[in-house]
1. Extension gain Lys17-Cys32, at 0.36 nm per residue separation less the Cα-Cα distance, in nm?
2. Under 12 Å from the Cβ of Ile14, count the other residues' Cβ atoms, weight Lys and Arg +1, Asp and Glu -1, and hand me the total.
3. Amide H of Tyr4 versus every other amide H placed in the peptide plane: which residues, excluding those fewer than 5 positions away on the same chain, fall under 5 Å?
4. What list do you get for Tyr31, Tyr4 if you sort them by fewest beta carbons within 10 Å?
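No lab work stands behind these numbers, since they all come straight from the coordinates. Since the model is a prediction, treat every value here as computed from it, not as a measurement. Cβ placement follows ideal geometry from the backbone for every residue including glycine, while neighbour counts extend to all protein chains displayed.
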Amino acid sequence: MPTYTYQCHSCGKIFEKEQKISEEPLKKCPYCGGQVKRLITGGMGFILKGTGWYVTDYKNKSSSTSTDKGKQCCKKGTSCENPKRCCEKH
């Protein structure tokens, strides 16, 4: 839910209220009962929560795998498609 900032015309108090987007804006100050005006503020910004938000998550996969293909496998002595996974098995 978004947080809206209000300012009272009577007492000058600035306060925030968490409201649904579909709710009507507040009309009265909770402190003095005067009329309020909803202010336009910059907001909180963009917040990412959870794991996996790294530069490498969207890295171009073709550039890193193309360098690995055709390398010698450490145990077999032949080239393989994925030497890292091949070598882990041995």
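1. Values: separation 15, 0.36 × 15 = 5.40 nm, distance 1.57 nm.
Taking Lys17 through Cys32 to full extension adds about 3.8 nm, to one decimal.
2. Values: positive: Lys13, Lys17, Lys37, Arg38; negative: Glu16.
For residues surrounding Ile14, the net value is +3.
3. Lys17, Glu18, Gln19
4. On the way: Tyr31 12, Tyr4 19.
Fewest-to-most ranking of Tyr31, Tyr4: Tyr31, Tyr4.
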